[in-house]
Amino acid sequence: MRGKMEQTVYRTEISILIFSESNQSSPLEGKPEMKRRNDMDVCADILRTVKEKSGAKKTHLVYGANLNFKMVNRYTARLLRAGLITHEAGHGRRDRGLYILTEAGEEFLGKYMDATEMLGPMEVSA
């Protein structure tokens, strides 16, 4: 056996890929960097999901805002306290209800979208 080959592990959204450093290039080379979202971006993603669905269940928020359940719980609590969404209780044992966008939430989302449109995309420098 020729000795151990050094390997680098690259984590992607789909799976973990192992590439030998000797012959193969990184699967991430040449791809744009993922932009980290700040709190306002995450809140806006949740509000946008609620608006698009005309009321969203927690699972819709997880997928629509690309968050886990723990983070959705934190952000929905924050948005409820701020009066940007309301929670309408469900009727069945398994029905947890819907999150509904309030007028204040609609106004916040509109202003957020106007501001981000006005500023344009942020350039990432190397």
Practice task
Could you tell me whether any residue of segment 74-84 is under 24 Å from Arg36 (Cβ atoms), among the polar types (S, T, N, Q) and touching a Leu at 6+ places or on another chain (Cβ under 6 Å)?
Solution key: no
Practice task
State the number of residues belonging to segment 83-105 that are surrounded by fewer than 17 Cβ atoms within 10 Å (Cβ to Cβ) and in contact (Cβ under 8 Å) with a residue 24 or more places away in the chain.
Solution key: 4
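Bear in mind these aren't lab numbers, they're just calculated from the coordinates by the rules spelled out. Predicted model only: the values in this text are computed from it and were never measured. Don't worry about glycine lacking a Cβ; one is built from the backbone with ideal geometry, like all the others, and counts go over all protein chains shown.
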